[in-house]
Amino acid sequence: MLPNSLRTGERVREVMDAYGAMIYRLAYARTLNRSDAEDVFQEVMLRYVKQDQPFKDDQHEKAWLIRVACNVSIHIVKSAWYRRTVSLEHAPLPDVQENADIDDDLLDAMARLSPKYRVPIHLFYFEDMTVEEISLALARKPSTVRTQLTRGREHLKRYLIEGGCTE
């Protein structure tokens, strides 16, 4: 167990170093906007600091961070403010070392996916999480995650090969 007393400056820095990039990329995958992703990241870290329940282990802590990032992202995307804003064009993905060698067409296709497919695909391929870890983090059945991965891959294939997809 990680006692609450460790969730101060040093522990927060450790969590930011270990999971900060993952939280930001996940938030960006959900919101498709850098400033919103930064807001999500800040909100997740603030909630982490305020969290008073201990975590069982590092996996539980990571799953909690992913779940909170998803929930905060959903809240932002569904907000009236977000729905009323009009984007001139999608911003490029953040300059993250891991994304340097990813094809722009693939990133564009990922951005066009519905979040219910985009998030599991992001976690599976970009964060190297297993189906079981994703199901725990997203509070979904493993069979649901496998189905969303399969359907997400089909949509990506259509986007990339056929140039479009109807959900």
Flagged in the range 28-73 as of a type in the set (A, V, I, L, M) and surrounded by 15 or more Cβ atoms within 10 Å (Cβ to Cβ), in numbering order, are A29, L32, A37, V40, V44, M45, A63, L65, I66, V68, A69, V72
Just a yes or no: is a residue in the range 130-138 outside any helix (DSSP H, G or I) and surrounded by fewer than 19 Cβ atoms within 10 Å (Cβ to Cβ)?
yes
| message | Checking the structure you have, find out if any residue of the range 150-163 is touching a residue at least 60 places away in the same chain (Cβ under 8 Å) and assigned to a loop (DSSP other than H, G, I, E, B). | response | no
Pairs returned, first residue in the range 33-59 that is closer than 18 Å to A111 by Cβ, second residue that is loosely packed, with under 15 Cβ neighbours inside 10 Å and among the polar types (S, T, N, Q), beta-carbon separation under 8 angstrom, 6 or more apart or interchain, are N33/S87
Those residues of the range 59-81 that are closer than 16 Å to K116 by Cβ and hydroxyl-bearing (S, T, Y) come to a total of 1
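Every read-out reported here was derived from the displayed coordinates using simple, explicitly stated rules and does not represent laboratory data. Here the structure is a predicted model, which means the values were calculated and not measured. Positions of Cβ are generated from backbone atoms using ideal geometry, with glycine treated the same way; all protein chains shown enter the neighbour counts.
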